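J.: The structure follows.
Just so you know, all these numbers are worked out from the coordinates, no wet-lab data involved. Bear in mind the structure is a predicted one, so any value in this text is a computation, not a measurement. All Cβ positions, even for glycine, are placed from backbone atoms using ideal geometry, and neighbour counts span all protein chains on display.
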Amino acid sequence: MRTSVIRFVLVTAFILIAPLAFGQSVALPGKKMQGKLHLLPATLETTQWGWFDNSQAPVLKVDSGDTVVLETMMHSHNQVVPGKTIEEIKKLRTDHPGRGPHTVTGPIYINGAEPGDVLKVRINRIVPRAYATNFNVPGMFGQFPKEYQDGQVKYLYLDWDRKITEFVPGVIIPLRPFPGTIGVARKEPGRDSTVPPGEFAGNMDIRDLTEGTTLYVPVHVPGALLWTGDSHAAQGNGEVNLTAVETAYKEMSVTLDVLKKPRLDFPRIETPKSWITMGFDQDLNKALDFVKEQTAKFLAEQRKISTDDAAKLMHEVSDCRISQVVNIKKGIHCLNPKDPKGKEDMERPTKETTRYYVSHAKDPNLNKAMDDASRAMIRFLEEKKGIARLDAYGLASVAMDCRLGDVWGAEKNVHCLVPKSIWQSAKR
């Protein structure tokens, strides 16, 4: 009798939910929307584990102007959940070489999107699960795999009433969810790992892409084919141990619009106050050169000035930070003020302030400057703040903000900051 009841419930749930994966629109009482609303649950049929492929059949088709409310899964098709050990997590990678760890929901086909167009993705709302994880895969990934041959996994409770999580006793991380991975299909055919980002966006790990912001990404194949996953609740600028506060979303609402112009050659992000330009490369020096070009191009368009004048203006108004250094292609993003008279956060201390613990390094090689600055902060957290070795590595990954200072001279400057405000007793 019990088996029959369970079977009836599962079959009924499938009948109710399955059509939503194929684009059935629904209405919300009292909610006026410009386009249709679609629901997309995360199932084995509507997700892929660790790869993008532009020949993948879409799981949902929508029109420009429609809104999609979707779910996401945890890594490795929901296998990285509380109780899974670090040895089991490592085995999920070694047993499946060539693919990323991310589970991505999609692809979503947007009718009318053609190569050369721009897909506008506005993030309306994010509702994460109640738990998350941060882990260091022993000896394999992260910024310092040789130094961390041992690994660990931490599972964290996400308190969404107060929007905090306690990373270690007395250290509280503010939560600000964003999709670590969101992007469209590449122009090249074939199956590709979800790990490296590119002109299709993807695994950008830019923590400013939160609720109320918009991603603009060039379309490379008909229908664009949008995926998202690698859902984060919080992250540092740098993400040095490979992972952020990794979670999954019970709800992520996005509105999708196809723009025929203006054209873009690389993704951009719009926040309420800024436009974000970005650059990716295996070498941080080359990522910096690329983001300088993108930022100068943007400022020239925005201010209607020459690219030479825009390049000079960049170091006065643009706030550039190291997004991540662990996705094969490392990332730098620059926030540029919408207000032509405005200026971004240019605070770049070289020593401790009333608000921040600080590490600073400079070197002609930006990769080495980043390594030196982040190593120094990890050592500080361990030696001066008494945090266990692997916890210090993880805390730097989720809380450290690595900012670019003067990069126009012979030496590149990196300033890594950790807010003192995260040290507080958790209220129980």
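J.: In this structure, does Asp53 turn out to be surrounded by fewer than 18 Cβ atoms within 10 Å (Cβ to Cβ) and over 22 Å from Val195 (Cα atoms)?
T.: No: the conditions fail for Asp53.
J.: Among the residues of segment 78-111 satisfying the criterion of being of a type in the set (Lys, Arg) and part of a helix (DSSP H, G or I), which is surrounded by the fewest Cβ atoms within 10 Å (Cβ to Cβ)?
T.: Step one: filter segment 78-111 for residues of a type in the set (Lys, Arg), giving 84, 90-91, 93, 99.
From the residues that got through so far, the ones that are part of a helix (DSSP H, G or I) too are 90-91, 93.
Details: Lys90: 18, Lys91: 11, Arg93: 17.
Restricting to residues being of a type in the set (Lys, Arg) and part of a helix (DSSP H, G or I), the top hit is Lys91.
J.: Right, here's the next one. Quickly run through segment 364-383 and pick out the residues that are among the acidic types (Asp, Glu) and either assigned to a strand (DSSP E or B) or more than 17 Å from Ile322 (Cα to Cα) (or both). Before the answer, list the steps.
T.: Of segment 364-383, the ones among the acidic types (Asp, Glu) are 371-372, 382-383.
If the condition is that a residue be among the acidic types (Asp, Glu) and either assigned to a strand (DSSP E or B) or more than 17 Å from Ile322 (Cα to Cα) (or both), then Glu382, Glu383 are the ones that fit.
J.: Further, regarding this structure: Cβ-Cβ under 7 Å, sequence separation 6+ or interchain: first residue in segment 238-254 and aromatic (Phe, Trp, Tyr), partner assigned to a loop (DSSP other than H, G, I, E, B). Which pairs?
T.: Tyr249/Glu71; Tyr249/Thr72
J.: Identify, from the list Val398, Val326, Val414, the residue that is in contact with a helix residue (DSSP H, G or I) (Cβ under 8 Å, 6 or more places away or on another chain) and of a type in the set (Val, Ile, Thr).
T.: On the way: Val398 fails: in contact with a helix residue (DSSP H, G or I) (Cβ under 8 Å, 6 or more places away or on another chain); Val326 fails: in contact with a helix residue (DSSP H, G or I) (Cβ under 8 Å, 6 or more places away or on another chain).
Sole residue among the options that is in contact with a helix residue (DSSP H, G or I) (Cβ under 8 Å, 6 or more places away or on another chain) and of a type in the set (Val, Ile, Thr): Val414.
J.: Can I ask one more? Could you check, for segment 394-417, whether at least one of its residues is more than 23 Å from Lys362 (Cβ to Cβ), of a type in the set (Gly, Ala, Ser) and in a loop (DSSP other than H, G, I, E, B)?
T.: No: segment 394-417 contains no residue that is more than 23 Å from Lys362 (Cβ to Cβ), of a type in the set (Gly, Ala, Ser) and in a loop (DSSP other than H, G, I, E, B).
J.: Could you list all residues from segment 339-363 that are touching a strand residue (DSSP E or B) at 6+ places or on another chain (Cβ under 7 Å) and assigned to a loop (DSSP other than H, G, I, E, B)? Working first, answer last.
T.: Here is the first cut: in segment 339-363, the residues touching a strand residue (DSSP E or B) at 6+ places or on another chain (Cβ under 7 Å) are 343-346, 348-352, 355-363.
Listed by number, the residues that qualify are Lys343, Glu344, Asp345, Met346, Arg348, Pro349, Thr350, Lys351, Glu352, Arg355.
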